[in-house]
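Let me begin by presenting the structure, written as structure tokens, before commenting on it.
Derivation of every value follows stated rules applied to the coordinates shown; laboratory data play no part. No experiment lies behind these values; they were computed from the predicted model shown. Note that each Cβ is placed from the backbone with ideal geometry, even for glycine, and that neighbours are counted across all protein chains shown.
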């Protein structure tokens, strides 16, 4: 039987991450679907990730092996930098500017993305996230932080 090693490795990583996250919910109360505890949603996400990993593994069984390519360092660097930059700047820049900065950084992960795509993604993701997180969910983040306040008119 042939096995696609790429599919097997990807599915195995998903299952391993799912197991780690499921183990992290052991001490949290689960509750029920109607009255969710703090461990319910992370456990459900871990189960979904694990099932997805198993589907990917089974999909790779009986397929011709495909070589595992090199590590996409550019994408890895910029995608991992996004949440770190967001965490470091959201209080100082404010929600809108931090999201815009992270969207621009994440767009740099693709070598094919040009300036127009970067601007379009940055603008659309910023508007979407501000509407959802600030107005929809009412998260207590200022849209404009203290680092940008001196540059606003009327201040």
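Based on DSSP H runs of at least 4 residues, each adding -39500 (n - 2.57), what is the mean residue ellipticity at 222 nm of the chain after dividing by all its residues, to the nearest 500 deg cm²/dmol? Write out the running numbers ahead of the final one.
Values: 5 runs with 90 residues, N = 155.
Result for the chain: -19500 deg cm²/dmol, rounded to the nearest 500.
Which FRET efficiency value, to the nearest 0.05, is calculated for residue 88 and residue 108 with the Förster distance at 22 angstrom and r the Cβ-Cβ distance? If you can, show how the numbers build up before the last one.
Working: r = 17 Å, r/R0 = 0.78.
FRET efficiency, residue 88 to residue 108: 0.80.
Using only the alpha carbon atoms of the stretch 37-88, find the Kirkwood hydrodynamic radius as the inverse mean reciprocal pair distance, in angstroms to one decimal. It would help to have the intermediate numbers written out before the result.
Working: mean 1/r = 0.0688 Å⁻¹.
Computed over Cα pairs of the stretch 37-88, the Kirkwood hydrodynamic radius comes out at 14.5 Å.
Any idea what diffusion coefficient the chain gets from Stokes-Einstein, in µm²/s, Kirkwood Rh on alpha carbon pairs, 10 °C, 1.306 mPa s?
On the way: Rh = 18.9 Å.
Rounded to a whole number, D works out at 84 µm²/s.
What is the gain in length, in nm to one decimal, between residue 152 and residue 17 on full extension, counting 0.36 nm per residue of separation less the C-alpha to C-alpha distance?
Values: separation 135, 0.36 × 135 = 48.60 nm, distance 4.38 nm.
Result: 44.2 nm gained on full extension.
Which value results when the Cα radius of gyration for the stretch 73-136 is divided by 2.2 N^0.38 Å? Present the calculation step by step, with values, prior to reporting the outcome.
Numbers: Rg = 11.7 Å, N = 64, 2.2 N^0.38 = 10.7 Å.
Relative to the rule-of-thumb radius for its length, the stretch 73-136 sits at 1.09.
What area, in nm² and to one decimal, does the C-alpha convex hull of the stretch 5-60 cast on average over all directions? Mind dumping the intermediate values first?
Details: hull surface 14.2 nm².
About 3.6 nm², averaged over all directions.
Would you calculate the separation in nanometres between label points at residue 120 and residue 36, each defined as 7 Å from the Cα along the Cα-to-beta-carbon direction?
Taking the simple label geometry, residue 120 and residue 36 are separated by 3.3 nm.
Please work out the Cα center distance from the stretch 28-52 to the stretch 102-155, rounded to the nearest Å.
Using only Cα atoms to place each centre, the spacing works out to 30 Å.
By how many degrees, between 0 and 90 and to the nearest 10, does the Cα long axis of helix 115-129 differ from the longest principal axis of the chain?
Approximately 80 degrees, to the nearest ten.
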